Amino acid sequence: MGEKIKLLLVDDESFLCEQICSNINWDSFGVELIGSCENAMDALEQMIDEMPDILITDIKMPVMTGLELIARARQMNPALQCVILSGYGEFTLAQAAIEQGVQSYLLKPFSKAEFESTLGKCCELVERERSGKSMELKERTENVSRLFQDLRGLKENNAAVEPEQIQKIMLTYPDLVMLREAMVLASVYEDGRSEFGKKWIPRFYEEGDILKTAAEALNDMLPKKEKESQLVRKIKAYVQQHYMDETLNLQLIAEQVVHLGVKYIGRCFYRETEVKFSQYLLEIRMEKAKKMLKDTEDNKIEEIAEAIGLGHDVPYFYQLFKRYTGMTPKEYKKV
């Protein structure tokens, strides 16, 4: 079975969310329900940490509507499949949304059969999109990433790693060349010691027992948590330089910056920093906003929101700022 399709559900009617979550056999569709949110702000925060393949959202919500949520989400993932949930009174609005590219809508109240039919169509579109990519390269990249995680786990759970332990892991992988690729990756992200990579990477390309070389390299790594890893430092540095990008999220960093699985780097980031990536990004953006509010009298709220990566969405900025500081931007300026 291939990678599961990720789905995020957003509706401010908690009872409806609970009904959908409990009544659908997600596994039968190959779907992983990654979250159920009551508002668009919580949904966007979750998307920064983990991007869904399918978004099902109510059209009418406070602060930010379903259509506004879809617009922001599609900036982060243009291939996102979207379904609108609408009451009878929003039927015309839902039709307009479909004309703008939203895949489907469900008119409340809808039946389980109607929901499953719509879900099935969305899953087909996701699979079609996935199959259009270079699957062979994607699969190998994912395998190397998974092997890298297995090797780091082996290091973290054993005082000393033996070649036989690595050989046992390799039984589930297609070739030993993949072990070399994973160990080079591990060397690159070893805990901040550039000399480690200089020492070990050339040895992985020499003739000899690759299992033994890999075990020796793993045993030469620093103990877990002795230093902040290069992986986490690289993520933080990227955020510091690109926090103003509206499309910034953990999926983007996983695919374009560190080339590792998004769940793995999310776990690493949380383990070392004790905060989720979305909370770290929020902190960076809000601290920048606070500085701009204090440093200049001329800055308009719209300009600040855009400068920190929230586009022209002033209400969303207000909500985030108040949640972060306990004050509105205007109140903060007076402090």
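The values are calculated or read from the model by the stated rules, or taken from the named source; none is laboratory data. Every value quoted in this text rests on a predicted model; they were computed, and no experiment measured them. Cβ atoms come from the backbone with ideal geometry, glycine included; neighbour counts cover every protein chain shown. Accessible surface areas use protein heavy atoms only, side chains included; no ligands, DNA or RNA. Shrake-Rupley method; radii C 1.70, N 1.55, O 1.52, S 1.80 Å.
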Of the residues in the range 117-134, those that are closer than 22 Å to D27 by Cβ and modelled with pLDDT under 85 come to R128, E129, R130, S131
Mind checking whether some residue in the range 258-280 is within 14 Å of the chain's Cα centre (by Cα) and farther than 28 Å from S187 by Cβ?
yes
Filtering the range 300-312 down to residues that are under 21 Å from Q241 (Cα atoms) and open to solvent by less than 50 Å² (accessible area, probe 1.4 Å), which residue is modelled with the lowest pLDDT?
G311
When you scan the range 324-335, do you find a residue that is open to solvent by 80 Å² or more (accessible area, probe 1.4 Å), charged (D, E, K, R), at pLDDT below 90 and farther than 27 Å from A71 by Cβ, even just one?
yes
Which of the numbered conditions does S278 fail, given that it passes all the others? Conditions: (1) open to solvent by 10 Å² or more (accessible area, probe 1.4 Å); (2) in contact (Cβ under 8 Å) with a residue 12 or more places away in the chain; (3) within 28 Å of D53 (Cα to Cα); (4) of a type in the set (S, T, N, Q).
(1)
Condition first: among the small types (G, A, S) and either over 26 Å from S111 (Cβ atoms) or more than 14 Å from the chain's Cα centre (by Cα) (or both). Can you find one or more residues in the range 3-25 that meet it?
yes
Does M47 satisfy being in a loop (DSSP other than H, G, I, E, B), buried (at least 18 other Cβ atoms within 10 Å of the Cβ), among the hydrophobic types (A, V, I, L, M, F, W, C) and modelled with pLDDT of 90 or more?
no
Could you go through the range 99-113 and let me know if any residue there is modelled with pLDDT of 90 or more and either buried (at least 17 other Cβ atoms within 10 Å of the Cβ) or assigned to a helix (DSSP H, G or I) (or both).
yes
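Residues checked against (1) in a loop (DSSP other than H, G, I, E, B); (2) surrounded by 12 or more Cβ atoms within 10 Å (Cβ to Cβ); (3) of a type in the set (D, E, K, R); (4) modelled with pLDDT of 90 or more:
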position	(1), (2), (3), (4)
F115	no, yes, no, yes
E136	no, no, yes, no
V144	no, yes, no, no
D150	no, yes, yes, no
Y173	yes, yes, no, no
M178	no, yes, no, no
V184	no, yes, no, no
E190	yes, yes, yes, no
Within the range 281-299, can you find the residues that are among the aliphatic types (A, V, I, L, M) and open to solvent by 10 Å² or more (accessible area, probe 1.4 Å)?
L282, I284, M292
With respect to E162, is the statement that it is at pLDDT 85 or above and not polar (S, T, N, Q) true?
yes
Is at least one residue of the range 51-66 in contact with a Ser or Thr (Cβ under 8 Å, 6 or more places away or on another chain), open to solvent by 10 Å² or more (accessible area, probe 1.4 Å) and not in a helix (DSSP H, G or I)?
yes
